[in-house]
Amino acid sequence: MSNKKTIITVSILSLITIFTITGTLLMRNPSKNLIASNKIVNFGHYESFADYELFANLDSISNKARVVVIGKVVEVNKPQEIKIGESFSPEKNESVDVTDVYTVSDIKVEKVIKGDVKPGDIVSVKQRGGLYNGKNYTEKGAEYLVEGDRNVFFLEVYDKVPASLMNPTQGKLKIKDNKILFEDKFESKINDMTEDEFLLKLKKS
């Protein structure tokens, strides 16, 4: 009987150790009320998983986004830890800050489709992930911004933190040779179109 108790105790401790090592961290982003988690993929690499709203077509994401612009990525800043909310800690019996690692890029606005911005403005956009304190954080499915690229951006904006893409994949559309590339990101088939065609389509919707 004593041996069985010892085996059970060791097994429980082993499970606790495994969960501790894998570093699973639950966080709630109050701005979107979404649950996300970070877990170790391999040593020094943490991959984030999150539930985002997916959009069936261009109209749905345009209507939901608070800001829609065409702009150029003028700078990709070093990753940083940003406070995204608060969570109650039973251990401390108080609210504690919830933070995550983000890469913030500066977007120079060229054309405004929607939102309280104007051409020439710099809009900071954060994406989860980046190399921070020797650890590499990534978000599954994310397409990270590249300095010099031009994109259409569908953004959610906040008062105290940088804006976010509406979701990591549909939140931006690449522009190449004056063509907006949809790359089968939506359920509804959308053919690539020029910037003028894109602007006209959204104005009509």
Those residues of segment 96-137 which are farther than 13 Å from Ser48 by Cβ, modelled with pLDDT of 90 or more and polar (S, T, N, Q) amount to Ser105, Ser124
Scan of segment 43-91 for residues that are farther than 30 Å from Ser188 by Cβ and not in a strand (DSSP E or B), ordered by number: Phe43, Gly44, Asn77, Lys78, Pro79, Pro90, Glu91
Can you find a residue in segment 6-25 that is modelled with pLDDT under 50, surrounded by 11 or more Cβ atoms within 10 Å (Cβ to Cβ) and among the small types (Gly, Ala, Ser)? yes
Considering segment 138-152, residues that are at pLDDT below 95 and not in a loop (DSSP other than H, G, I, E, B), and then whichever is nearest to Gln80 (Cα to Cα), we arrive at Thr138
So, in segment 146-155, how many residues would count as being surrounded by fewer than 21 Cβ atoms within 10 Å (Cβ to Cβ) and closer than 15 Å to Val109 by Cα? 4
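So that you can scan it fast, the table gives a plain yes or no per residue for (1) within 12 Å of Val69 (Cα to Cα); (2) in contact (Cβ under 8 Å) with a residue 24 or more places away in the chain; (3) not β-branched (Val, Ile, Thr):
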site: Tyr102; (1), (2), (3): no, yes, yes
site: Glu110; (1), (2), (3): yes, yes, yes
site: Gly129; (1), (2), (3): no, yes, yes
site: Asn133; (1), (2), (3): no, no, yes
site: Tyr137; (1), (2), (3): no, yes, yes
site: Lys140; (1), (2), (3): no, yes, yes
Thr169 vs. criteria in a loop (DSSP other than H, G, I, E, B) and closer than 23 Å to Leu54 by Cβ: yes
Output the strands (runs of 3 or more DSSP E) that fall wholly within segment 92-137 and possess 3 or more residues being surrounded by fewer than 19 Cβ atoms within 10 Å (Cβ to Cβ), β-branched (Val, Ile, Thr) and over 20 Å from the mean Cα position of the chain (by Cα), or say none. 94-114
Against the definition (polar (S, T, N, Q) and crowded, with 17+ Cβ neighbours inside 10 Å), how does Thr194 come out, yes or no? no
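The values are calculated or read from the model by the stated rules, or taken from the named source; none is laboratory data. A quick note: this is a predicted structure, and the numbers were derived from the prediction, not measured. So basically every Cβ, Gly included, is an ideal-geometry build from the backbone, and we count neighbours across all protein chains shown.
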